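What follows is a single structure, written as structure tokens, with notes after it.
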Amino acid sequence: MREGLTLGILGGGQLAQMLALAALPLGVRVVVLEPDPNAPARLCAEHLHAAYTDAEGLARLAECSAVTLEFENVPTEALEALAGRVPVRPGAALLERTKHRAREKEALRASGVGTAPFVVIESEPDLVGALATVGGRGILKTSELGYDGKGQARVNSDAELSVAWAGMGGAACVLEGLVPFVREVSLSVARTAAGAVAFGPLIENVHRDGILRTSVFPATGAETLEPQARELARACAEAWALEGLMTLEFFVLDGGQVGSTQLLVNEVAPRVHNSGHLTQDGGGLSQFEAQVRAVLGLPLADWRPLHPTAMVNIVGTDYVEGQPLHPDWDGIDALPGTHLHLYHKAWRAGRKLGHVNLVAANVEALAGQLAALERLIP
């Protein structure tokens, strides 16, 4: 029997909650450092209610077997304070890279991984000719802190670019050129400190208003795309000396010829990812257990659902009169194959409140049930 293993997590939101729920059956206790008194993970883990840089909180995490991250926006000072006291996976260097879009894209290129064309915008002179460089149309994104469509603006002219950059307070940004992708997919890779590597499934994603709406396994064209995605994920994991789990989001480009499909990396997250939530209920290992295993150095293998599986996010939605529009909970429960996961968060427009996983006997049945499920969730 495993005894004495404790996992520390910087962050106590829904991802930490689901990591803790995956760790407990393995005999692993979990401690989270999170300043929010209503952190979802408090329900299933020891909650250190303090700032991420709190000395006492970090001292408690340093007593754990290893420490991991729930999200990117943890101060790197916290990881640096833990260095040499406890294994931190992933570490400060990888976090510094993935929490900053410009550094991330430059590191991807250095690893031989393709991205959309981009220009780094750090001062007003950088705006000159930037849009032409990326193809005449683009998306301006803050280099740090933006997520779920926040800190982004689509621009089609130099004037729009200037206004958008000013609207972001002149912050450091990346201007990405728009690429003609046919769909978006994601894939996670896990790597232990000893160098063992494992992969999650290729998952197809659809966004709405900048927020992930649905994820589906298996992804369209997975038989040809997944080997490519694995190769790129492995290249990043090894070049960046990953310890833990990392998720890559891809644009799928199709040149219209057999074998001409190309994957470009859109973003990288040094953690479990919203698109991988469907691995909780498809019958196989989940992404959350994979991250726990990778961080603690436990035996690790590829993970994927055993059956066709999908996920639909539940996001706070305003009704026309300004009142919340809630999902049809009874309808969700009545639909075969559904598994509800709520985050114990107060309702707020645009906030991720939970998700529903859906498992079906075959791909055709999954498509029909997913359409029915989406009608039940605003």
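The values are calculated or read from the model by the stated rules, or taken from the named source; none is laboratory data. This is a predicted model, so every value here is computed, not measured. Methodologically, a virtual Cβ is constructed for each residue, glycine included, from the backbone with ideal geometry; neighbour enumeration extends over all protein chains shown. The protein model used for the area step is the full one, side chains on, heavy atoms only, and it has no ligands, DNA or RNA in it. Shrake-Rupley method; radii C 1.70, N 1.55, O 1.52, S 1.80 Å.
Given a 1.4 Å probe and the protein chains all in place, what does the accessible area of residue 281 round to, in Å² to the nearest 10?
40 Å²
Within the range 294-376, list the GluC sites (Glu not before Pro) lying in a DSSP loop whose Cβ has at most 15 other Cβ atoms in a 10 Å radius.
321
Near residue 76, within a Cβ-to-Cβ distance under 11 Å, what is the net charge of the other residues, with Lys and Arg +1 and Asp and Glu -1?
Values: positive: 97, 99; negative: 72, 77, 80, 96.
Net charge in that neighbourhood comes out at -2.
Could you put 53, 214 in order of accessible surface area, largest first, with the 1.4 Å probe and the full protein assembly present? Could you put the intermediate results ahead of the total?
Numbers: 53 75, 214 10 Å².
Result, largest first: 53, 214.
Binning at 5 Å from 0, report for the range 100-217 what percent of all alpha-carbon pair distances ends up in each bin.
All Cα pairs considered, the percentages come to 2, 10, 17, 20, 20, 14, 9, 5, 3, 1, 0.
Please go through the residue pairs 105/352; 105/141; 141/352 and name each one whose alpha carbons sit more than 24 Å apart in this structure.
Numbers: 105/352 27 Å; 105/141 12 Å; 141/352 21 Å.
Violating the 24 Å Cα-Cα cut-off are 105/352.
What is the spin-label model distance, in nm, from residue 65 to residue 364 if the labels are put 7 Å beyond Cα along the C-beta direction?
Distance between the two pseudo-spin positions: 4.6 nm.
Taking the square root of 5 times each eigenvalue of the Cα gyration tensor, what semi-axes in Å does the equivalent ellipsoid of the chain have, largest first? Display every interim value, and only then the final one.
Numbers: eigenvalues 179, 143, 102 Å².
Output for the chain: semi-axes of 30, 27, 23 Å.
For a quick check: with amide H placed at 1.01 Å from N, whose amide H comes under 5 Å from residue 30's, ignoring anything fewer than 5 positions away on the same chain?
Close amide H contacts, sequence-distant or interchain: 7, 46.
Quick check: Cα centre of the range 1-63 to Cα centre of the range 191-254, how many Å?
First find each Cα centre; the distance between them is then 26 Å.
What length, rounded to one decimal in nm, is gained on full extension from residue 51 through to residue 96, with 0.36 nm per residue of separation minus their alpha-carbon distance?
Values: separation 45, 0.36 × 45 = 16.20 nm, distance 1.90 nm.
Residue separation times 0.36 nm, minus the Cα-Cα distance, leaves 14.3 nm.
Name the trypsin sites (Lys or Arg not before Pro) in the range 10-107 that are in a loop by DSSP and that have at most 16 other C-beta atoms within 10 Å, would you? Provide the component values of the computation, followed by the final result.
Values: sites: 29, 42, 60, 85, 97, 99, 101, 103, 105; in loops: 85, 99.
Of the trypsin sites (Lys or Arg not before Pro), the ones in loops of the range 10-107 whose Cβ has at most 16 other Cβ atoms within 10 Å are 85.
In whole Hz, with x marking every Gly and Pro, tabulate ³J(HN,Hα) for the range 331-344 from phi via Karplus 6.51 cos²θ - 1.76 cosθ + 1.60, θ = phi - 60°.
Working through the residues one at a time gives x, 4, 4, 7, 7, x, x, 8, 9, 8, 10, 9, 9, 6 Hz.
If all Cα-Cα distances of the range 219-309 are sorted into 5 Å bins from 0 onward, what percent lands in each bin, rounded to whole numbers?
Calculated over all Cα pairs of the range 219-309, the distribution is 3, 12, 20, 24, 21, 12, 6, 2, 0 percent.
Relative to the Cα centre, what is the charge dipole magnitude of the range 329-378, using +1 at the beta carbon of each Lys and Arg, -1 at the beta carbon of each Asp and Glu, and rounding to the nearest 20 debye?
Computed about the Cα centre, the dipole is about 400 debye.
Across the range 207-217, in residue order, what do the Karplus-derived ³J(HN,Hα) couplings come to in whole Hz, using 6.51 cos²θ - 1.76 cosθ + 1.60 with θ = phi - 60° and x for Gly and Pro?
9, 9, 6, x, 10, 4, 9, 9, 10, 9, 10
Ratio to report: Rg/Rh of the range 279-345, with Cα atoms as the point set and Rh obtained by the Kirkwood method; give two decimals. Intermediate results must be reported in sequence, preceding the final value.
Working: Rg = 16.5 Å, Rh = 14.8 Å.
My calculation puts Rg/Rh at 1.12.
Where nothing but the Cβ of Lys and Arg (+1) and of Asp and Glu (-1) is charged, how large is the charge dipole of the range 190-343 around its Cα centre, in debye to the nearest 20? Display every interim value, and only then the final one.
On the way: 8 positive and 18 negative charges, 106 e Å.
Value, rounded to 20: 520 debye.
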